[in-house]
Amino acid sequence: RARKRFGQNFLKDSGIIDRILRSIHAVSTDHLLEIGPGQGALTEGLLASGALLDVIELDQDLIPLLKLRFGLNTLFHLHQGDALKFDIASLTKDEGEKLRVVGNLPYNISTPLIFHLLSHHHVIHDMHFMLQKEVVERMAADPGSSDWGRLTIMVQYFCQVEHLFNVPPECFTPAPKVDSAIVRLTPYQTLPYPAKSHQLLELVVREAFNQRRKTLRNTLKRLLSVDDIEKANVDSGLRPEQLTLAEFVRLADQLYINQHIEG
Ligand code: SAM
């Protein structure tokens, strides 16, 4: 029985499962990490690639079933626990080794989980996730659209985003109430708009979008003066959703400069 509290909607449509596996295209030299394997709908195909596979599953009741299905395969490594608290970097053994992360994610924790993974971007080669379609649209949004927000900016700061395809509720059991979609996130080797401090970028973006209807001169009042905003070559009369990623990075860098001048 699927448990709501763990965000369990198991994939049952073999056509969609195949399509997801083809998009991932795992090969035997890969090191995969699956978050929330559930009953193993994707796990089986992932293991068939011959790649090393770590899985993290929170629900204790699913552990015996997963052990029974895959426990004899030496490529399979099962971790019972919360992916939100898991030290992803501890899975990589060799210097420079990177993980390919996969998951039909529990939708109730998808945003914090993605922020957690972004903090490990240096050990991740790519990520393929099933998410609420609306969340994928937010990740892939362009500046100026109503979907452009904190999630968009932080994801696009670290990763290239590709909305691959949509998945209707009938492909799951039980069927979720919302449409879903598959997204591919590929962390940049070299960030296109590197900020002097990721933390300050997060701070500026969070503060700006706390009141998305207001202009920057109002929302950023506690962090940056109108003068500072103009020094960063940004129009302080704009609303946060009108700013590009590059402009947010310039604001964060101005904040960094202020903090370092003030000592
Ligand atoms: N991958 C399976 C599939 O496609 O059929 C299951 C997907 S289901 C949407 C999400 C899975 O994530 C469930 O098995 C659930 O128990 C597990 N899960 C929920 N919260 C988790 C967490 N914090 N850490 C790891 N797994 C979690």
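The values are calculated or read from the model by the stated rules, or taken from the named source; none is laboratory data. Treat the numbers as computed from the prediction; the structure is a model and nothing was measured. Neighbour counts are summed over all protein chains in view; Cβ atoms, including those assigned to glycine, are modelled from backbone coordinates with ideal geometry.
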Notebook entry, point to check: What single numbered condition from (1) surrounded by 13 or more Cβ atoms within 10 Å (Cβ to Cβ); (2) away from the ligand (no atom under 11 Å from the Cβ); (3) outside any loop (DSSP other than H, G, I, E, B); (4) modelled with pLDDT of 95 or more fails to hold for Phe115?
Noted result: (4)
Check: What do you reckon, is Gln132 modelled with pLDDT of 95 or more, within 14 Å of the ligand (Cβ to nearest atom) and under 28 Å from Glu207 (Cα atoms)?
Finding: yes
Next item on the list: For Lys177, indicate whether it is of a type outside the set (Gly, Ala, Ser), surrounded by fewer than 19 Cβ atoms within 10 Å (Cβ to Cβ) and closer than 24 Å to Phe248 by Cα.
Entry: no
Item checked: Residue check for Ile124: under 12 Å from Pro187 (Cα atoms), of a type in the set (Val, Ile, Thr) and buried (at least 21 other Cβ atoms within 10 Å of the Cβ) -> yes
Notebook entry, point to check: Quick check, is Arg69 surrounded by 16 or more Cβ atoms within 10 Å (Cβ to Cβ) and among the basic types (Lys, Arg)?
Noted result: yes
